[in-house]
Amino acid sequence: MKRFILKITLFFALLIVADVLCGFILGYFAKNAKGGFTQRDTYICDKLETDFLLMGSSRCVRHYNPQILTDSLGMSCYNSGQMGNGIILNYGRLKMIDERKKPQVVIYDIYPDVDLFVGDDNHRYLTWLKQHYHREGIDEIFESVDKTEKYKMCSQIYRYNSRIIELLTDYLHPLSNARSNGFSPLKGEIDKTKIRAIDKVKKMPKVDSVKFEYINKLIDELEGSKLYFVVSPRWYGMDSIQFKPIMEVCKDRGIPFIDFSNNPKYVHHDEYFKNGNHMNARGADEFTKDLIGYLKDKLFR
């Protein structure tokens, strides 16, 4: 019996050592990635200092050209939007950015599916925060999504397990490199054969209480900065009912809400889009210029 207990103890000890060692190696790959989204994430969370910050999902990454904003407003600008992610990740990143320098201006491109409504598992939005779990305030985000996450995060491998191949690729031979300002425009025009019919929103989808909490936390975190919630253009247009909750928050908190979703200049104008949800490079440049005009005329006076 003693030998059996000894073997079991040794087995678990080796597992712990292997976990810590693998976590250390994967962490090294993440911190020293040569390209890809891994390098971009490390830069945003560990180094980024900017006057003007763009935040949101893939619609942010694709729709806002920071160089045009810098040239027009004379402010440093970075696009920190992340594909397939919304408010939960963006709030965590903002917390880490604020440790170094709070942006003077933040534009948050709001997209209800990832920023407001109940939908995909919120655990997915923690993926890019796992390796930063030790940073101040990040553990609280995990706790709010799932109280069992604090036990899972005891494992070092767990912090990287969904991104191991991507980590190795971005460290050894990156397949892509983001622009220095974070912008990643799409090329080409829309293929209408891939456009599908979109049903009208007949009633308000259910608001996710966790996401809604982090919208308000983002506003609190940016006290003293200028924050604007923006809806960028969409080829389909969008039902305005989807924005009612965020519009009410903006009204109560005194935050400007800028809606380009149904702007006739863009809706169904193929030359500005790559697909139904995302603009192409031409559309992004044109929209960014229009947004600057709005900011100068209405908000920076």
Item to check | Single residue of E140, E166 found to be open to solvent by 20 Å² or more (accessible area, probe 1.4 Å), charged (D, E, K, R), at pLDDT 90 or above and under 20 Å from M83 (Cβ atoms) | outcome: E166
Item to check | Members of the range 220-243 that are in a loop (DSSP other than H, G, I, E, B) and not small (G, A, S) | outcome: L222, E223, P233, R234, W235, Y236, M238, D239
Checklist entry - Is it the case that G86 is out of contact with any His (no Cβ under 7 Å at 6 or more places or on another chain) and under 29 Å from S209 (Cα atoms)? => result yes
Item to check | Number of the exception - F260 against (1) under 24 Å from S144 (Cβ atoms); (2) open to solvent by 10 Å² or more (accessible area, probe 1.4 Å); (3) among the aromatic types (F, W, Y) | outcome: (1)
Checklist entry - How many residues, within the range 43-64, are open to solvent by 10 Å² or more (accessible area, probe 1.4 Å), in contact (Cβ under 8 Å) with a residue 12 or more places away in the chain and part of a helix (DSSP H, G or I)? => result 3
Checklist outcome for this item: Output for Cβ contacts, cut-off 7 Å, separation at least six or different chains, first residue at pLDDT below 75 in the range 194-221, second not polar (S, T, N, Q), reads I198/Y236; K200/D239; V201/D239; V201/I241
Checklist entry - Of the residues that sit in the range 263-301 and are touching an Asp or Glu at 6+ places or on another chain (Cβ under 9 Å) and in contact (Cβ under 8 Å) with a residue 60 or more places away in the chain, which one is most open to solvent (accessible area, probe 1.4 Å)? => result K274
Checklist entry - Out of Q67, Q82, which single residue is out of contact with any Pro (no Cβ under 7 Å at 6 or more places or on another chain) and open to solvent by less than 50 Å² (accessible area, probe 1.4 Å)? => result Q82
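The values are calculated or read from the model by the stated rules, or taken from the named source; none is laboratory data. Predicted, not measured: the structure shown is a model, and the values here were computed from it. As a convention, Cβ positions derive from the backbone with ideal geometry for all residues, glycine included, and neighbour counts pool all protein chains shown. Quick note on the areas: whole protein, heavy atoms, side chains included, nothing else; ligands and nucleic acids left out. Shrake-Rupley method; radii C 1.70, N 1.55, O 1.52, S 1.80 Å.
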